[in-house]
Amino acid sequence: MPEIVLHSRNRGYAHMTAKQRRLMKDFIGWSAERLLGKKLAAEITIDVFLDGKLFEKERSYGYAIWEDRHYRGREFTMEIDSTFSFLNVLHTVAHEMVHIKQYALGELYLSTKNDDVYVHNKVNVDTKDVDYWEQPWEWEAHGRATGLIVIWMRERELNNETWAKQRMFLGP
């Protein structure tokens, strides 16, 4: 299980109950083990900032980035806008966990020569030339996020929770 520390920024905790925060932390740990395997997941640390104004400030639901090294990092920061429904928050977390998997396994990293270029599966991708929705690492993250949530809810027997029956908003 990775080391996971939750933090609040801009009253981020105010938008989630203590139970929701516990569930989110469980989901992060479960996702890390599912995506990385137990051994590698145990080497990972993730600082999660629940931000009550992230979308308002940056027009972003969330992001994840390495803190120690850009290639095969082990220390990550995840920032999530906590003002959306719990299911949407989990969807954002799932999406960002796929990115953490990509970074930790060396599938995705920043070029050392150009800050706009990422290397994805050994192919250089200039983010100035490729639309967000065409970036291959985003395809994987968007594609796997819902499945991660569904499997976790099934394994934890959470399918009948009120929040689990809400609609997910997948962005503008």
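The values are calculated or read from the model by the stated rules, or taken from the named source; none is laboratory data. Keep in mind that what you see is a predicted model, and the values were worked out from it rather than measured. All Cβ positions, even for glycine, are placed from backbone atoms using ideal geometry, and neighbour counts span all protein chains on display. Surface areas here come from the heavy atoms of the whole protein model, side chains and all, with no ligands, DNA or RNA. Shrake-Rupley method; radii C 1.70, N 1.55, O 1.52, S 1.80 Å.
Please label the shape of the stretch 1-83 as rounded, prolate or oblate, based on the square roots a ≥ b ≥ c of the eigenvalues of the alpha-carbon gyration tensor (a/c under 1.5 means rounded; beyond that, a/b larger than b/c means prolate, else oblate). Oblate is the answer for the stretch 1-83, as a/c is 1.5 or above yet b/c matches or exceeds a/b.
Given Cα pairs under 8 Å that are at least 6 residues apart, what percent is the relative contact order of the stretch 94-152?
Dividing the mean separation by the residue count of the stretch 94-152 yields 36 percent.
Backbone geometry of the stretch 127-135 corresponds, through the Karplus equation with coefficients 6.51, -1.76 and 1.60 at θ = phi - 60°, to 3J(HN,Hα) couplings of 5, 6, 9, 10, 4, 3, 6, 9, 6 Hz, x marking Gly and Pro.
Among the protein heavy atoms of the chain, carbon and sulfur supply 48% of the accessible surface, probe 1.4 Å, non-protein parts ignored. Couplings for the stretch 3-9, taken from phi via the Karplus curve 6.51 cos²θ - 1.76 cosθ + 1.60 with θ = phi - 60°, read 7, 10, 10, 8, 10, 10, 9 Hz in order; Gly and Pro are left as x.
Rolling a 1.4 Å probe over the protein heavy atoms gives the chain an accessible area of 54 Å² per residue.
3J(HN,Hα) along the stretch 91-101, derived from phi through the Karplus expression 6.51 cos²θ - 1.76 cosθ + 1.60 where θ = phi - 60°, amounts to 4, 5, 4, 4, 4, 5, 5, 5, 5, 4, 4 Hz, with x in place of Gly and Pro.
In this simple spin-label approximation, H142 and V117 carry label points 7 Å from Cα along the Cα→Cβ vector, and these lie 2.5 nm apart.
Only helices enter the 222 nm calculation for the chain: every DSSP H run of n ≥ 4 contributes -39,500 (n - 2.57), and dividing by all residues gives -12500 deg cm²/dmol, rounded to 500.
Placing +1 at every Lys and Arg Cβ and -1 at every Asp and Glu Cβ, with all other atoms neutral, what dipole size does the chain have around its Cα centre, in debye to the nearest 20?
With only Lys, Arg, Asp and Glu charged at Cβ, the dipole is about 600 debye.
Of all lysines in the structure, those lying under 30 Å Cα to Cα from K25, and not within fewer than 8 positions of it along the same chain, are K38, K39, K53, K57, K101, K165.
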